[in-house]
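Quick note: the coordinates plus some simple rules give every number you see, no bench work behind them. These numbers come from a predicted model, not from an experiment. Cβ coordinates were reconstructed from backbone atoms using ideal geometry, including for glycine residues, and neighbour counts include every protein chain displayed.
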Amino acid sequence: MTLTIPGFDHLRLPGADGVELAAAVGGSGSPLVLLHGFPQTHLMWRHVAGRLADEHTVICPDLRGYGASDKPAATGPGTYAKRTMADDVVTLAAALGHERFALVGHDRGALVALRAGLDHPETLTHLGILDIVPTLDMWNVLHGTSAAVGYHLFLMAQPPGLPEVMIANSADAFFGSFLDAWAGDPAAMPEEVRAEYLRASAAAVTSIVADYRASAGVDVEHDQADLDAGSQLAMPVTVVQQDWGAQLGYDAAAVWKAWAPDLDHRLTRAGHFMAEEAPDEISAAIQDLLAR
């Protein structure tokens, strides 16, 4: 049985191009959409969503290709482009009656949230980003031996075939290695939650690889086009991340300031899975964002 957020309704809602997304929906008040990262599902928001549901209608979908959402075959680069996945989110929110909403994403979900902010500025009231830099900048800061931390990005960027076979043949070891290496507090991810992430990821190898492959191709093209056009995020933006700038040798706040003039950039001592490891801190950061 798929694990979901206690006390929330579990729905199937329309996304773009006929895709259906699974989503946990709860609370009441102004709408807030929370997007999960890799290798997880919407379940990663279980602590934060509950804290915010008293004042907001909280919507936590599984991204296309992940969890219980549809996993369409990648018939072209657009199937898992972040532009398409952002359209999913806007369509899903509209189906619930929300033409404007706040959006917060973690990891892969943060890349989708960023694209939604650039493509749909009239729709997003606020934008929260957890532990990424934009796709174009991500590739630019990975260089030399320090790039080894992102080996999976290079693996899943390869043409279809070999990455899917390699990962499918060692799915638990592959996905579990990130749950182990990226966790600052392993106790924040109970065994049943970890097992759910591994089960869901093993069932979605092809679509997860397609998502990552898009970030080595069409997503870079979209970011570059926005950079060339001088596009920026029009809404208040909060970024919370580990001190990747110090680790990889770049100024993370400056990277984000170029995209987000109205920026609150915060560093955390939590590990990558910060919504599970430090839910009070992340909930407070989101509440501060929504008060701007």
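Roughly how many debye, to the nearest 20, is the charge dipole of the range 105-180 about its Cα centre, given +1 on each Lys and Arg Cβ, -1 on each Asp and Glu Cβ, and no other charges?
Magnitude of the dipole: close to 100 debye.
Taking H as built 1.01 Å from N, whose amide H comes closer than 5 Å to the amide H of E20, not counting residues under 5 places away?
Amide H neighbours of E20: G15, D70.
Compute the distance from the alpha-carbon center of the range 237-292 to that of the range 69-110, in whole Å.
22 Å
Sum up the charges of everything whose Cβ sits under 12 Å from the Cβ of R51, counting Lys and Arg as +1 and Asp and Glu as -1, but leave R51 out.
Counting the neighbours of R51, the net charge comes to -3.
With 10 Å bins from zero, work out the P(r) of the range 1-122 over every alpha carbon pair and list the percent per bin.
That works out to 15, 51, 30, 3, 0, in percent per bin.
Please state the charge dipole magnitude for the chain, taken about the Cα centre, from unit charges on C-beta atoms (+1 on K and R, -1 on D and E), reported in debye and rounded to the nearest 20.
Here the size comes out at about 220 debye.
For the chain, build the charge dipole from Cβ charges (+1 Lys, Arg; -1 Asp, Glu) around the Cα centre, then report which of N140, L227, A81 sits farthest towards its positive end.
So the residue we want is A81.
Considering amide H positions built from the backbone, and no H for Pro or chain starts, which residues 5 or more places from H265, or on another chain, come under 5 Å of its amide H?
So H265 has HN proximity to V239.
Explain nothing, just compute: Karplus ³J(HN,Hα) = 6.51 cos²θ - 1.76 cosθ + 1.60, θ = phi - 60°, for every residue of the range 133-147 in order, whole Hz, x for Gly and Pro.
With the stated coefficients, the range 133-147 comes to 10, x, 3, 4, 5, 4, 5, 6, 8, 8, 8, x, 5, 5, 5 Hz.
Given bins 5 angstrom wide, list per bin the percent of all Cα-Cα distances in the range 41-198, short to long.
1, 7, 14, 19, 21, 18, 12, 6, 1, 0
Name the residue farthest towards the positive end of the dipole of the chain from the options S177, I208, F8, assuming +1 on Cβ of Lys and Arg, -1 on Cβ of Asp and Glu, about the Cα centre.
Checked the options; the winner is I208.
Please state the charge dipole magnitude for the range 39-158, taken about the Cα centre, from unit charges on C-beta atoms (+1 on K and R, -1 on D and E), reported in debye and rounded to the nearest 20.
For the range 39-158, the charge dipole is close to 240 debye.
Out of [x] 52, 42, 37; [y] 78, 39, 32; [z] 46, 45, 39, which label holds the value of Cα extents along the principal axes in Å that was computed here?
Entry [z].
If you line up the Cα atoms of the range 200-241 on their principal axes, what length do they span on each, largest first, in Å?
38, 25, 15
Which residue, A285, P190, T238, has the largest displacement toward the positive end of the dipole of the chain when charges sit on each Cβ (Lys, Arg +1; Asp, Glu -1)?
Going by the charge dipole, the pick is P190.
With the calculation restricted to Cα positions, what are the radius of gyration and Dmax of the range 99-187 in angstrom?
Radius of gyration, then largest Cα-Cα span, for the range 99-187: 16.0, 45 Å.
Hey, could you pull the Cα Rg and Dmax for the range 174-291, both in Å?
16.8, 46
Can you list which of the trypsin sites (Lys or Arg not before Pro) found in the range 50-137 are DSSP loop residues with at most 16 other C-beta atoms within 10 Å?
Counting only loop positions with at most 16 other Cβ atoms within 10 Å, the trypsin sites (Lys or Arg not before Pro) in the range 50-137 are R100.
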